[in-house]
Amino acid sequence: MDSAQSIQVVYAGKPLLSGAVAFWKVQVWDQDGKASAWSPSAQWSMGLLLGADWQARWIGRDEERIYQDPSSPYQAFRNARWIWDAPNAQTSAPAGDRYFRQTFTVPAGRKIARAIFIASGDSVADVFLNGEPIAPKSNTTLPPVVDATSLLHTGENLVAIQVAHPLPDRPAGLLATVRIEFASGEPIIVQTENRWRTASKVEAGWQKAGYLDIAWQPSVELGEYGMAPWGLVGIAAAHHLPARMLRREFTLDRKVRRATVYMAGLGLSEFYLNGAKVGDHVLSPGLTDYDKRVLYVTYDVTRQLAAGHNALGVILGNGRYYSPRSQSGTRSFGYPKLLLQLNLEYEDGTTGSIESDNTWKLTTAGPIRQNNEYDGEDYDSRNELANWAAPGFNDATWDAARLVAAPTGMLAAEMAEPLRVTDTLHPVSVKQLRPGVYIFDMGQNMVGWCRLHVSGPKGATVTLRHAETLNPDGSLYVANLRTALATDAYTLKGEGPEVWEPRFTYHGFRFVEMTGFPGEPAAAALEGRVVHDDMEQTADFTSSNTLLNQIHHNVLWGIAGNYRSIPTDCPQRDERQGWLGDRSQVSRSESYMFDVAAFYSKWTADLADSQHPDGAIPDVAPNYWPLYHDDLTWPSTFIFVPGMLYDEYGDKRMIERYYPAMRKWLDHTRSCRTTSSPKTSTPIGACRRKTPS
């Protein structure tokens, strides 16, 4: 072509078909007409362009009832009783706050390893432990799990709870539990029951030791945990689920010239062939609004195939498809599911394929007992299935995979760089906080997870909790995590040195609390695995000023840590959303440090997918939290980001592709009454929305 354009040269050759491979190389001429040498050849392959190209079926296992994670901290509610000051309060109770007290004793000579406290009040409960407020506004959906270890002492301890009940003729109740684990021996469990004392009126100091509650009445038991109208408090909303493992064997009787796998594993997936993981992607595929778009990944597996018997294997995690929370205001799309197609081109010119269907086998009894992006992953190595993805594995006890409903979103190839482990950090220190409890310092904030090195007896469980900073006493500061537990657990199989890292969760942290480690851990027991979209860093900065260098370092890590196939606001708490306002102009500054072209092209598609039919653009995209407020500043990101891609990369395709959608948003905005509240700056008027597009 005769052009001075050196980038963004669009392919103009003959139309390419599904699965085709294209090779290309470049030669350029200078101002004197002198030609360069040819560049080395490069290539790309086409995806599956038409729906008819897919012969595979969506498979998985949809649960018939709520999965009750055995490792959930809310299991501590088992055997606790809902209480109030009168019977039948679960149906209706007079308005008015109620107050509850109970004492319990921690025996002398027993060293506390960990203690948790959970309370659930209808409508909400304010909790005090030994006079200290620990859990304000604890609700009946997802009450906070409080680490109460440092607040307990030998001898008598006091729990005091105020339950707000402002409206008459509404259900009322309190459910609470304290679980105290010791360095050895059985735990102590204190739970609500009819020996708790209650009153409707109190005097100052009611929540402290020494207050005389002799005039208070015994509580009335309403029923056990799980009763209506509250159900499985905590467990239902936390939305934990074990990983699905799927497999299929097949035989090759001819030489293969080319083999390509196309796979959409929702919410997250890892692909195995003949016993080995294929690719180095993590937390794959990228996040989307699955009602609009579902990403599939492509692998060339020609070299991994063997003559004769072969086996395919896939592990499915939850991701955001099976959302990290099941509660009002959070979208969830269904149970994990798989669509996979292996296309085979033989040397004799014939073709074939292996597709996901109900001949595949599935189990949920593998080692990943639960996985949740907010709360962490529990792995029981005693459940490992050796060679499960290799030919010859006995899957007789596995179930047949079920055909399940397809997502409504269109299938699209993943075009941006995947997430990968990009670095490994080593702790700068490890300190014993108290017997059996150790705090590791990774030296800086990071995003990802830890790799554990451990040896010990079968059945021992090592627990890792993550936080960005510490309390003055050296314990983890976790208040900013809100309901996110940020906790991984590994149960040993007891067969010598064991190495493990999670697959389907991630954390933002600097400090790690380790409990349950057999013996005293060295710093080498943990490594920090850094995870983000593996985009190229295109620039750096250094100066003679140490402070400026550190600021630049912090900015660089802060930006990269929020690349999670979307630009998130935070990597640690129960949020991690693609807020538009955070990236409206910051995306441009990011382009000075990273090659964000493919990343923000993908996110522009997410913005368009989240657009409401009337033109409104949400506050977050993908709109897992369906917030439509119709102001000008945040939705304008839909204009600014494609503009950045044109200014910084000369790529006008996003503008061309989404120009009608941009016009639609502007037309909607012109027609919208958006008078803002002077107190909250929240737009009010006819255009506000609370439902997704």
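Every number in this text was worked out from the coordinates using simple rules, so none of it is lab data. All figures in this text were calculated on a predicted structure; none of them were measured in a lab. Here Cβ is always computed from backbone atoms with ideal geometry, including for glycine, and neighbour counts include all displayed protein chains.
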query = Going through segment 1-106, which trypsin sites (Lys or Arg not before Pro) have at most 11 other Cβ atoms within 10 Å and a DSSP loop state?
reply = 25, 34, 65
message = What do you get for chymotrypsin sites (Phe, Trp or Tyr not before Pro) in segment 38-130 restricted to DSSP loop and a cutoff of at most 10 other Cβ within 10 Å of the site's Cβ?
response = 38
key: Extreme residue, positive dipole direction of the chain, given options 406, 159, 173 (C-beta unit charges)   = 173
ask   = Using alpha carbon coordinates only, what is the Rg to Rh ratio of segment 73-233, with Rh defined as the Kirkwood radius?
value = 0.95
query = To one decimal place, what Kirkwood hydrodynamic radius in Å is obtained for segment 231-321 from all pairs of distinct Cα atoms?
reply = 15.0 Å
task = Output the pairs from 14/652; 277/361; 14/34; 277/337 with a Cα-Cα distance over 24 Å in this structure; if there are none, say none.
result = 14/34
ask   = Toward the positive end of the charge dipole of segment 421-533, about the Cα centre and with charges on Cβ (Lys, Arg +1; Asp, Glu -1), which of 511, 524, 489 goes farthest?
value = 489
inquiry  = Give me the tail of P(r) for segment 182-239 as a percent: Cα-Cα pairs with distance above 14 Å.
reply    = 73 percent
key: Cα-based equivalent ellipsoid, segment 485-565: semi-axes from gyration tensor eigenvalues, Å   = 33, 17, 12
Whole-Hz ³J(HN,Hα) from phi, Karplus 6.51 cos²θ - 1.76 cosθ + 1.60, for segment 267-279, glycine and proline x = x, 10, 7, 10, 10, 10, 9, 6, x, 10, 5, 9, x
task = Can you tell me the dipole magnitude for the chain around its Cα centre, using point charges on the Cβ only (Lys, Arg +1; Asp, Glu -1), in Debye to the nearest 20?
result = 900 debye
query = From Cα coordinates alone, what are the radius of gyration and Dmax values for segment 421-533 in angstrom?
reply = 13.3, 39
Segment residue 345-residue 671, length gained on full extension (0.36 nm per residue, minus Cα span) = 111.8 nm
remark   = Candidate cut points under chymotrypsin sites (Phe, Trp or Tyr not before Pro) in segment 567-640, DSSP loop plus at most 16 other Cβ atoms within 10 Å of their own Cβ, are 592
ask   = When the distances between all Cα atoms of segment 527-666 are binned every 5 Å from zero, what whole-number percent does each bin get?
value = 2, 10, 19, 21, 19, 13, 8, 4, 2, 1, 0
request  = Measure nothing but the geometry: give the 0 to 90° angle between the long axis through the Cα atoms of 597-609 and the longest principal axis through the Cα atoms of the chain, rounded to 10°.
outcome  = 70 degrees
ask   = What would the Debye formula give as log10 I(q)/I(0) at q = 0.08, 0.11 Å⁻¹ for the alpha-carbon point model of the chain, no solvent?
value = -0.73, -1.30
inquiry  = With 12 Å as the cut-off, how large is the P(r) tail for segment 228-278, expressed as percent of Cα-Cα pairs?
reply    = 80 percent
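What ranking, highest mean first, results for peptides 402-410, 170-178 when packing means the other Cβ atoms within 10 Å averaged over each residue?
Result, highest mean first: 170-178, 402-410.
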note = Once the dipole of segment 1-109 is set up from charges on Cβ (+1 Lys and Arg, -1 Asp and Glu), the residue from the list 67, 89, 41 lying farthest towards its positive end is 89
